[in-house]
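Below you'll find the structure, written out as structure tokens, and then a few comments.
Nothing in this text is a laboratory measurement; each read-out follows from the coordinates by a stated rule. Computed from a predicted structure; not experimentally measured. Heads up, the Cβs are rebuilt from the backbone with ideal geometry, glycines too, and the neighbour counts pull from every protein chain shown.
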Amino acid sequence: MISDSFVIGVDYGTDSVRSVIVNTSTGQEVAASVFYYPRWKEGRYCNPEKNQFRQHPLDYIEGLEQTIKKCLLEAGAEVAAKVKAISVDTTGSTPVAVNEQGTPLALLPEFAENPNAMFVLWKDHTSVREAAEINAHAKNFPTNYLQFVGGIYSSEWFWAKLLHVFRSDDKVRNACATWVEHCDWIPFLLTGGNDAKQIKRGVCSAGHKSLWSEEYKGFPPDEFFSSLDPLLKGFTSKLPSETYTAAEAAGTISQEWASRLGLPADVVIGIGAFDAHMGAVGGQIEPYYLSKVMGTSTCDMLVAPAEEVKGTLVNGICGQVNGSIIPDMIGMEAGQSAFGDAYAWFKNVLLWPVRQMLAQTDVVDADTAAKLVADIEKRIMPELDRRAGQLEPEENGEFAIEWLNGRRTPDANQMLKGAFLGLDLGSDAIKMYRSLVEATCFGAKKIVDRFKEQGVPVKGLIGLGGVAKKSPFIMQMMADVMDMPIRIHKSEQTCAIGAAMFAATAAGIYPKVEDAMNAMGQGFDAEYTPNPERVKIYARRYERYSEAGSLIEGLYLAEVADEV
């Protein structure tokens, strides 16, 4: 039986974009499609040694069109005719320079191959210096303009990236009419926008990454930025003072995109937001439950009624913003810069001889060698999980620090590095992997501890995303380290489903996103509870992790001081 209405949720991740068509009455996924960014997959415009990670807007546009078209083809014409709205989530902070028409500069012929004219991906850390300058500069003002972003500005965020690009590239700076987050640009694209001044900014992106606050009635004053660097003089005038929640509409689909996708002309386009924020809603977040979106990195989301946490500011997190997750609730964000990325790094280290040596071998032909590499690559992570899961924790065994991509929270510092400690001749790949997983769980516990220490209770954990669904070993360790249960949401696409819930709300199908969440939520299909004996061992190992982390952080701070 065909429902009266359907919506589309679009989830832009680090490596791919996924679209889903969802029945607004039941939450059933009617169709889904994924598109891997071809230019990104080739490694174009990126330089990992310099922490430069850029993505071309064509990857985003091609993925948007192809995934929605495939979903509509799968669902059929009757469903396509009843699509009411589209909402989009993206990684963030992932901003781009646009011209006066709102076109990303990389879509213009003269900038087509210029990485500075492309989207600066969240994990791009080329602006570490600029972030440090912002943090030092903020101390010169009587108003603490960093108070709502945890007191520390990150190189992963809007202003640091803008200043770095402006300093690096005169041509981009001179052509830039404004600087726009990915999640704000896609709705502008779908509504046929052609004036950068009309781009609607979501409170999610503006509040958590751009220093927008209702307390200031907008952004910090021009003096804050112009005295940091004259290149930023007047830039706040290119940004609107008004922001919107993701439950609101950005507009209606343009005639061009309706025709291009094969959709009705009255489809509503919702305000965009970051993936983890919409993912928390797709994963049925509850007040004071930490929703952990676990993928390449983690984003840890918590909501609380505004009247209950009024005046409470949690230091060292990625901000707390009214309405950034659920309207009329304070949304708080934390997270780890490398989670799945840490495991992928270890996998790639182990695979190096396999890839290199099999490419040179004469023992088997090239086709067989390539198949062997692919087979080993497919098997290696499940086997590491299986073997590591058979080991019992040892109080004095190997342990690690997981800052392989710096530290997001608590207390952002992208200059920090990871480490392995306690290695000896008996240390092997399984033990090292286990210690790395343990370190990511310890890093997660640091976040929970920070919330509790500063007056925000954490009543439980909700696990979302690929790692949560695929690795019982990691999730059981998370429960043991945290000493609290963790529920795993049934849907593997909570970000896209969350976007669909917001689309249904923006279209007026549900009056509040909480109503959409209750009607369209898929529930939970697993729960991991702590093992009391392991809890005790991990508690003692956590103390050693904390001591080692302080030591390593001290070494890097001393190194930075010497450079200065």
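Can you give the longest stretch of the chain with no exposed loop site, where a site means GluC sites (Glu not before Pro) in a DSSP loop (not H, G, I, E or B) with at most 15 other C-beta atoms within 10 Å?
Working: sites that count: 42, 100, 113, 214, 215, 242, 307, 308, 394, 395.
In short, 396-564.
By definition, a body whose alpha carbon gyration tensor gives a ≥ b ≥ c is oblate when a/c is 1.5 or more and a/b is not larger than b/c, and the range 162-233 fits this oblate description. Need one word for the chain: rounded, prolate or oblate. Basis is the Cα gyration tensor (sqrt eigenvalues a ≥ b ≥ c); a/c below 1.5 gives rounded, then a/b vs b/c decides. Rounded is the answer for the chain, as its axis ratio a/c remains below 1.5. Give the residue from 116, 317, 511 lying farthest towards the positive end of the charge dipole for the chain; charges sit on Cβ (+1 for Lys and Arg, -1 for Asp and Glu) and the dipole is referred to the Cα centre. Of the candidates, 511 comes out farthest on the positive side. So for the range 444-564, Kirkwood radius off the Cα pairs, Stokes-Einstein at 10 °C and 1.306 mPa s: how many µm² s⁻¹? Result for D is 92 µm²/s. Distance from the Cα centroid of the range 247-313 to that of the range 523-544 is 30 Å (rounded to whole angstrom).
In the chain, helices alone account for a calculated mean residue ellipticity at 222 nm of -12500 deg cm²/dmol, with every DSSP H run of four or more residues adding -39,500 (n - 2.57).
Note on the range 87-131 and the range 385-442: Cα centroid distance 33 Å, given to the nearest whole angstrom.
From least to most packed, judged by other beta carbons within 10 angstrom and beginning with the fewest, 134, 317, 430 follow the order 430, 134, 317. Using θ = phi - 60° in the Karplus curve 6.51 cos²θ - 1.76 cosθ + 1.60, the 3J(HN,Hα) couplings for the range 279-292 round to x, 4, 5, x, x, 6, 4, 10, x, 6, 9, 7, 8, 9 Hz; x is entered for Gly and Pro. Here the range 129-263 is treated with +1 on each Lys and Arg Cβ and -1 on each Asp and Glu Cβ, and its dipole about the Cα centre works out to around 200 debye.
Rounded to whole numbers, the Karplus 3J(HN,Hα) couplings from phi for the range 140-151 are 7, 10, x, 8, 7, 6, 9, 4, 8, 10, x, x Hz, using 6.51 cos²θ - 1.76 cosθ + 1.60 with θ = phi - 60°, and x at Gly and Pro.
Summing +1 for each Lys or Arg and -1 for each Asp or Glu among the other residues whose beta-carbon sits under 12 angstrom from that of residue 369 gives -2.
Distance between the pseudo-spin-label points of residue 540 and residue 357 (7 Å out from Cα toward the beta carbon): 3.9 nm.
Using 0.36 nm per residue, how much length does the chain from residue 147 to residue 238 gain when fully extended, once their Cα-Cα distance is taken away?
Numbers: separation 91, 0.36 × 91 = 32.76 nm, distance 2.32 nm.
Using 0.36 nm per residue and subtracting the Cα-Cα distance, I get 30.4 nm.
Backbone phi angles across the range 177-183, fed through the Karplus curve with coefficients 6.51, -1.76 and 1.60 (θ = phi - 60°), yield HN-Hα couplings of 7, 6, 10, 10, 6, 3, 5 Hz in residue order; Gly and Pro are listed as x. The simple spin-label model puts a point 7 Å past each Cα toward its Cβ; for residue 36 and residue 62 those points are separated by 1.3 nm. When only Cα pairs below 8 angstrom with a gap of at least 6 residues are kept, the chain shows a relative contact order of 16 percent. Exposed loop positions in the chain were taken to be trypsin sites (Lys or Arg not before Pro) whose DSSP state is not H, G, I, E or B and which have at most 13 other beta-carbon atoms within 10 angstrom. Between these positions, the longest stretch is 311-458.
To the nearest 20 Debye, how big is the dipole of the chain about its Cα centre, given +1 on the beta carbon of each Lys and Arg and -1 on that of each Asp and Glu? Can you show the working numbers first?
Working: 54 positive and 73 negative charges, 29 e Å.
Using Cβ point charges on Lys, Arg, Asp and Glu, the chain gives about 140 debye.
Strictly over 28 Å apart at the Cα level, which of 378/431; 123/446; 217/417; 70/470 would you flag in this model? Correct reply: 217/417.
For residue 547 and residue 425, what does the FRET efficiency come to when R0 = 30 Å and r is the distance between their Cβ atoms, rounded to the nearest 0.05? Please report the intermediate quantities before stating the final value.
Working: r = 24 Å, r/R0 = 0.81.
Calculated value: 0.80.
Our note on the geometry: Cα centres of the range 334-370 and the range 476-514, 33 Å apart.
Sorted ascending by nearby beta carbons within 10 Å, beginning with the fewest, 179, 403 become 179, 403.
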